[in-house]
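Written below as structure tokens is the structure these notes are about.
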Amino acid sequence: MFKWKTDEFSWVDFTIDVLRVLIVLAVVVGAWNTLSSGRISLAQWVNLFAAGLSQGSIYALIALGYTLVYGILLMINFAHGEVFMAGAFTTVFFAEALNRTGFLNEQPLLAILLMIVFAGLVSMTVAILLERIAYRPLRGSPRLVPLITAIGASFFLQYTFRGLYGSGFKAYPGVKALQGAFSIGGINIPVAQVFVFCSALILMLCLYWLVERSRIGKAMRAVSENKEVARLMGIDIDWVIMFTFGVGGFLAGSAGVINGLFRPQGVNFYMGFIPGIKAFTAAVLGGIGNIPGAMLGGLFLGVIEAIGPNLVLAGLGIPGANQLKDVIAFTMLVLVLIFRPQGILGERLSEQKA
Amino acid sequence: MAPDEPIVIGGMLVISGAVSYLGEDSLGGIELAILHRDGQLLGREIEFVLEDSLCSAEGGQAAAQRLSADESIVGVIGTNCSSAAQGAMPIISDAGLVMIAPSNTSPSLTDEDIAAGGSHLPGYFRTSHNGLMEGMRNAEFATDVLGATSIATVHDGDPYTEGLSRVVAASFADLGGAVVFEGAVNKGDTDMASILTEIAVVNPDVIYLPLFEPEINFFAAQMQHIDGLEDTVIIGGGASFMAGFPENTGEAAVGIYVSGPLVTGNAYNTFLAAWDDEVGGTPPSGYHAHAYDATNILLEAVAAAAVELEGGGLLIGRGAIREALAATEDYPGLTGNLTCLEESPFAGDCATGAALAMFVITEAEVYDDNWPPPVAWNFASDSPGQAEL
């Protein structure tokens, strides 16, 4: 901080420093006002925090797809939100069928596992087809080309699914075993939220193991490091890239089901857009290309979004604070890009990657 | 008008497209109204000319243009959709004609204040309830029936939901209640925890929620997990009076009140029997009685405005019809006693808002596809004082 005192004076640095101070001041004053007024009880804070953590774990699962692909291809797959939608939307029908037969409430764990695998496979298929049809022919072209293609693919997928399943809203059936709440010292935490967080955590640990400990994970890391050298080492690059898209897709699909347990309503063809953008924000927040970064970024974003409006904005006397939740999310993105472009956990990217 | 010429009324209904059932619904009401008079008015044949106004401003404009070009038309029934009415109204008004809409609810159509989004022009009338009346009735229900003393309102920035929220809040305050929270969510929001927490801080008896799907589903479902809102009741607006709402919300929908149209009474049962005989089956939507009433008050106005000429001719001035229609008072219709109001924001509103009811969602709607839900309160018969509008 205050670099300009020692180095040559620069208006840019000065402005950024002033900005830093103002932001910290706003957060401190807002939080102080809210907390000292005592309007919101401890139980309510815990409620908000728990919901934020669950939402964050869903962001994290989707964010991993962005980060995996970026790590290997250095491209942002903007159609990834639609990969999430594909799994979530398709599985709603499967879930309804499981509910009708009563299986969902007789064997909730098994049924949910089935749903997750089903959604994962659907999204995986969509992601792999996307890579094979839309991105692979463009490999080696300027970086803007696949980016624009991804946006086009995103619309294509949205309207394909609208054509398939219609434009109405669907909802995941309620699971009896996940209703109710754990009560700890007068604070109620819904069972569904705990379940959502834990299952997301398990999936993330599986991914970590896959990338760090397995043979294919080693290949993925090698391709990410240097494609040409990896090819010389006998690694089938095309296969590894396809596998990466598949893994990202599987996580997105399972996030679709987990999201359906957490927030069962509002399933439609457009549901992937906002989570997609938020997850991208989370990936950048954590450091794009960095796997633990995406996980941390997602959780962080979820919690900030949940607590920020009530804690900071309401404390500053801003009306309609809850409507500015998205503003908080995207302000975080801008701030990270200004102050720490490499993200929370990101390393400085090499020239080639940046 | 020569002695043997028929009296021609026009229709602008939605005949094609996704909501064509609304047009069929109104058409049946209009035909039954004409049939009820044996197709005769003032000793002349009644002729009905129908144009498709679609459910868009452009469709309304085109239909209005075709009808206003026909000099023999004395008045028009339509449109079904508020958007089509926006397109049709300037043309109908310029031509000196009248239009009576059987199923428009947008408050802007009877509001003359252009700065506030109003678009009313002389010649526009409707027999369907104004969204604002729905709001007033809902506020009345909250205070008189539920005994609520505090209310929170939440809209989504849409002029329709925002208008309703404002009316409910104002009416609730007029009735002596406290408006403790007025807020909004964004369209597309899935996380309602932060606004719910804000509402829990003020802990109202009732939350008025005119939202659409899916925001209303998220809101209702997540309310279960918020400390401090265990005893708060949700009243949903007409936007949630749809079969998919309880199922998509799940268990949390049980006990939510939603308002919607309801017509009852002996005259209405006779009407339904006539429908079965003449049209067949049951009406496909909820505004056929409104179309029946619209046709009747138009024909009454034509009769009142007509001047017999020597030699059997008839003089019917368009301006006179408009005046006669505006003077409609306590006309006994199927949907209640119709009185056409003149003051903005109710300019041209002929409905009383009595053909409305409050329904309550039960487990049968959530789990067994039952629709419509049971009536919790019928404004026509259960209201203690029929609050003045």
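If I filter the range B:236-257 for residues that are more than 13 Å from chain A (Cβ to nearest Cβ) and among the acidic types (Asp, Glu), do I get at least one hit?
no
Scan B:ALA101, B:ALA152, B:ALA148 and give me the residue that is more than 14 Å from every other protein chain (Cβ to nearest Cβ), at pLDDT 90 or above, closer than 28 Å to B:GLN222 by Cβ and open to solvent by less than 30 Å² (accessible area, probe 1.4 Å).
B:ALA148
Pairs under 8 Å by beta carbon, first residue under 14 Å from A:ILE338 (Cβ atoms) in the range A:7-21, partner aromatic (Phe, Trp, Tyr), six or more apart or different chains?
A:ASP13/A:TRP4; A:PHE14/A:TRP4; A:ILE16/A:PHE339; A:ASP17/A:PHE2; A:ASP17/A:TRP4; A:ARG20/A:PHE339
Looking at A:VAL191, is it farther than 24 Å from A:ARG132 by Cβ, at pLDDT 90 or above and more than 19 Å from the chain's Cα centre (by Cα)?
Considered against the rule, which asks whether it is farther than 24 Å from A:ARG132 by Cβ, at pLDDT 90 or above and more than 19 Å from the chain's Cα centre (by Cα), A:VAL191 comes out as yes.
Considering (1) in a loop (DSSP other than H, G, I, E, B); (2) in contact (Cβ under 8 Å) with a residue 24 or more places away in the chain, say which one B:GLU58 fails and leave the rest.
(1)
Being within 14 Å of chain B (Cβ to nearest Cβ), on the phi < 0 side of the Ramachandran plot and in contact with a Phe, Trp or Tyr (Cβ under 7 Å, 6 or more places away or on another chain) is the filter here; which residues of the range A:242-270 pass it?
The answer is A:ALA255, A:GLY256, A:GLY260, A:LEU261, A:ARG263, A:PRO264, A:GLN265, A:VAL267, A:ASN268, A:PHE269.
Please verify whether the range B:124-137 includes one or more residues that are of a type in the set (A, V, I, L, M), outside any strand (DSSP E or B) and at pLDDT 90 or above.
For the range B:124-137, residues of a type in the set (A, V, I, L, M), outside any strand (DSSP E or B) and at pLDDT 90 or above: absent.
If a residue must be farther than 18 Å from A:ALA60 by Cα and crowded, with 16+ Cβ neighbours inside 10 Å, how many such residues does the range A:97-116 contain?
The qualifying residues number 8.
Quick one: would you say B:ALA63 is touching an Asp or Glu at 6+ places or on another chain (Cβ under 7 Å) and assigned to a helix (DSSP H, G or I)?
For B:ALA63, the condition - touching an Asp or Glu at 6+ places or on another chain (Cβ under 7 Å) and assigned to a helix (DSSP H, G or I) - is met.
What are the residues in the range B:88-98 that are open to solvent by less than 10 Å² (accessible area, probe 1.4 Å) and not in a loop (DSSP other than H, G, I, E, B), if any?
B:ALA88, B:MET89, B:ILE92, listed by residue number.
Taking the condition within 14 Å of chain B (Cβ to nearest Cβ), touching a Gly at 6+ places or on another chain (Cβ under 7 Å) and buried (at least 24 other Cβ atoms within 10 Å of the Cβ), does A:GLY276 pass?
When the stated conditions are applied, A:GLY276 passes them.
If you scan the range B:1-22, which residues turn out to be part of a loop (DSSP other than H, G, I, E, B), loosely packed, with under 15 Cβ neighbours inside 10 Å and within 20 Å of the chain's Cα centre (by Cα)?
The one that is part of a loop (DSSP other than H, G, I, E, B), loosely packed, with under 15 Cβ neighbours inside 10 Å and within 20 Å of the chain's Cα centre (by Cα): B:ALA18.
Are any of the residues in the range A:87-106 touching a Lys or Arg at 6+ places or on another chain (Cβ under 7 Å) and within 19 Å of A:PHE169 (Cα to Cα)?
Yes: the range A:87-106 contains one or more residues that are touching a Lys or Arg at 6+ places or on another chain (Cβ under 7 Å) and within 19 Å of A:PHE169 (Cα to Cα).
How many of the residues making up the range B:219-235 are within 11 Å of chain A (Cβ to nearest Cβ), open to solvent by 10 Å² or more (accessible area, probe 1.4 Å) and part of a helix (DSSP H, G or I)?
Total meeting the criteria: 2.
Among the helices (runs of 4 or more DSSP H) contained in the range A:31-116, which hold 3 or more residues that are within 14 Å of chain B (Cβ to nearest Cβ)?
Hits in the range A:31-116: A:42-73, A:80-100.
Are any residues in the range B:178-209 at pLDDT 90 or above, more than 9 Å from chain A (Cβ to nearest Cβ), under 28 Å from the mean Cα position of the chain (by Cα) and in a loop (DSSP other than H, G, I, E, B), and if so, which ones?
Within the range B:178-209, just B:ASP205 meets the criteria.
Show me the helices (runs of 4 or more DSSP H) found entirely inside the range B:277-380 where at least 1 residues are open to solvent by 10 Å² or more (accessible area, probe 1.4 Å) and basic (Lys, Arg).
Of the helices (runs of 4 or more DSSP H) lying wholly inside the range B:277-380, those with at least 1 residues that are open to solvent by 10 Å² or more (accessible area, probe 1.4 Å) and basic (Lys, Arg) span B:318-326.
Taking the range A:206-223 as the region of interest, how many residues are more than 17 Å from A:PRO292 (Cβ to Cβ) and open to solvent by 70 Å² or more (accessible area, probe 1.4 Å)?
2
Which residue, of A:GLY120, A:GLY140, A:GLY163, A:GLY168, is more than 23 Å from the chain's Cα centre (by Cα) and either part of a helix (DSSP H, G or I) or among the hydrophobic types (A, V, I, L, M, F, W, C) (or both)?
A:GLY163
May I ask you to list pairs of residues, at least six apart or on different chains, whose Cβ atoms are under 8 Å apart, with the first in the range B:223-237 being on the phi > 0 side of the Ramachandran plot and the second being outside any strand (DSSP E or B) and not β-branched (Val, Ile, Thr)?
Hits for this filter: B:GLY228/A:SER41; B:GLY228/A:GLN44; B:GLY228/B:ALA200; B:GLY228/B:ASN203.
Here is a check on your reading of the model: is A:THR6 among the hydroxyl-bearing types (Ser, Thr, Tyr) and either closer than 30 Å to A:PRO190 by Cα or at pLDDT below 85 (or both)?
Considered against the rule, which asks whether it is among the hydroxyl-bearing types (Ser, Thr, Tyr) and either closer than 30 Å to A:PRO190 by Cα or at pLDDT below 85 (or both), A:THR6 comes out as yes.
In the range A:52-86, how many are closer than 30 Å to A:PRO190 by Cα, over 11 Å from the mean Cα position of the chain (by Cα) and crowded, with 24+ Cβ neighbours inside 10 Å?
So the count comes out to 6.
Can you give me the number of residues within the range B:35-52 that are open to solvent by 60 Å² or more (accessible area, probe 1.4 Å) and in a loop (DSSP other than H, G, I, E, B)?
3
Out of all the residues in the range B:157-170, is one or more in a strand (DSSP E or B), open to solvent by 10 Å² or more (accessible area, probe 1.4 Å) and more than 29 Å from A:SER167 (Cα to Cα)?
For the range B:157-170, residues in a strand (DSSP E or B), open to solvent by 10 Å² or more (accessible area, probe 1.4 Å) and more than 29 Å from A:SER167 (Cα to Cα): absent.
Restricting to the range A:287-310, name every residue that is surrounded by fewer than 23 Cβ atoms within 10 Å (Cβ to Cβ) and closer than 23 Å to A:ARG39 by Cβ.
A:VAL303, A:ILE304, A:ILE307
Of all residues in the range A:176-195, which are hydrophobic (A, V, I, L, M, F, W, C) and within 10 Å of chain B (Cβ to nearest Cβ)?
A:ALA181, A:ILE187, A:ILE189, A:ALA192 - these are the residues of the range A:176-195 that are hydrophobic (A, V, I, L, M, F, W, C) and within 10 Å of chain B (Cβ to nearest Cβ).
The values are calculated or read from the model by the stated rules, or taken from the named source; none is laboratory data. Since this is a predicted model, take the numbers as computed values, not measurements. Cβ: placed from backbone, ideal geometry, glycine included. Neighbour counts: every protein chain shown. SASA here: full protein model, heavy atoms, side chains in, ligands and nucleic acids out. Shrake-Rupley method; radii C 1.70, N 1.55, O 1.52, S 1.80 Å.
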